[in-house]
1. Give the range 145-177 a look and list any residue that's buried (at least 22 other Cβ atoms within 10 Å of the Cβ) and in a strand (DSSP E or B), or say none.
2. Looking for whichever is in contact (Cβ under 8 Å) with a residue 24 or more places away in the chain, under 23 Å from Phe178 (Cβ atoms) and among the acidic types (Asp, Glu) here; the options are Asp231, Asp193, Asp214. Which one fits?
3. Can you tell me which of Gly175, Gly150, Gly210 is modelled with pLDDT of 95 or more and within 18 Å of the chain's Cα centre (by Cα)?
4. Do you know which residues across the range 178-214 are in a strand (DSSP E or B) and of a type in the set (A, V, I, L, M, F, W, C)?
5. Among the residues of the range 176-185, are any β-branched (Val, Ile, Thr), out of contact with any His (no Cβ under 9 Å at 6 or more places or on another chain) and in contact (Cβ under 8 Å) with a residue 40 or more places away in the chain?
6. Can you tell me which residue is farthest from the chain's Cα centre (by Cα) among those in the range 93-134 that are within 22 Å of Ile146 (Cβ to Cβ) and touching a residue at least 60 places away in the same chain (Cβ under 8 Å)?
7. Hey, can you tell me all the residues within the range 241-251 that are surrounded by 21 or more Cβ atoms within 10 Å (Cβ to Cβ) and not hydroxyl-bearing (Ser, Thr, Tyr)?
8. Say we look at the range 252-269 and pick out the residues that are more than 16 Å from Asp34 (Cα to Cα) and in contact with a Phe, Trp or Tyr (Cβ under 8 Å, 6 or more places away or on another chain); which of these is surrounded by the most Cβ atoms within 10 Å (Cβ to Cβ)?
Amino acid sequence: MRKILVMLALVFACLWGTAFAADFSQLVILHTNDTHGYDQRADGVNGMATVAALKEDYEAKGYKVLLVDAGDAIQDNNLVNFSKGKTAIDFMNAVGYDAMTLGNHEFDYGSDVTLARIKQAKFPIVSANIIVDATGKPFTGKTHAIIRKGDLKIGVFGLTTPSTITTSNPKSTRGLTFLSKEEMYKAAQKEVDVLKAAHCDLIVAIGHLGSEPDAVGDRSNDVLANVKGIDVFIDGHDHTVKNLYIDGSLLTETGSHLANIGVVRYEDGKWQEDLHAYGQFNKEDAKVKAIVDKAQAAIDKR
């Protein structure tokens, strides 16, 4: 009799878990990285108006869309340079991004400008490993965000390459510490634990770390090897196309300059990437296109 009761309890537990398992079938994660101001559609460049149109296309089909960026959005192309990145954030606000992390080039105009861009954004810009020395608090204010998409609670946290202190002007990062290696893993694990304690159904890391051999210890690969509980890691920094699994977690990156738009869905029991290369989806959102074109026209008149 006791064995029967134990078996019934196990069956009930399994059924209970199944009944309340998160349903990811209608969730799409769109992601970008290292856009570097290549925000106007051109040959080989999808552009922000196409990102917006793809988001709307999925939503029209009944999907919930999480849209995130892994950094280096505000510097390089003159379309964003002359405004010190303000136009880039204007475009992302218009598209409707849900979250972003800081890349090293977000510091190119100085940390005061970085803070201005964070304030300007209508979405959270998060990073868990940049600490203000004077206060011990995170530079971005928020280290993570909990984003609701339908019935799903999605926990998103960010990480920024520790190499920022050497790749940016020293004045731009003065007074800041970029947690590295074991300290970065500890910070990332803390974020995962906090988000799991908040009963998030999905944990997404958006990291501007890359996978270059000369950055061993500070790469996205290293984080996934040392931090447990990340479902999807959306990477940036090294301008590489990635689509692989590390300890069961999906690690993905689009390359750079909006040549691809990342599209992640849950299929066959795992998260899978379907990169949308330039030309695969050709629509543009009219409102976003008008904003981008107006900004470009102003640059052309200079």
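1. Across the range 145-177, the qualifying residues are Ile154, Gly155, Val156, Phe157, Gly158, Leu159, Thr160.
2. When all the criteria are applied, what remains is Asp193.
3. Gly210
4. If the condition is that a residue be in a strand (DSSP E or B) and of a type in the set (A, V, I, L, M, F, W, C), then Phe178, Leu202, Ile203, Val204, Ala205, Ile206 are the ones that fit.
5. Within the range 176-185, one or more residues are β-branched (Val, Ile, Thr), out of contact with any His (no Cβ under 9 Å at 6 or more places or on another chain) and in contact (Cβ under 8 Å) with a residue 40 or more places away in the chain.
6. Here the residue is Val95.
7. Lys242, Leu250, Leu251 - these are the residues of the range 241-251 that are surrounded by 21 or more Cβ atoms within 10 Å (Cβ to Cβ) and not hydroxyl-bearing (Ser, Thr, Tyr).
8. Among those residues, the one meeting the criterion is Val264.
The values are calculated or read from the model by the stated rules, or taken from the named source; none is laboratory data. Keep in mind it's a predicted model, so treat the numbers as computed, not measured. Neighbour counts run over all protein chains shown; Cβ positions are idealised from the backbone, glycine included.
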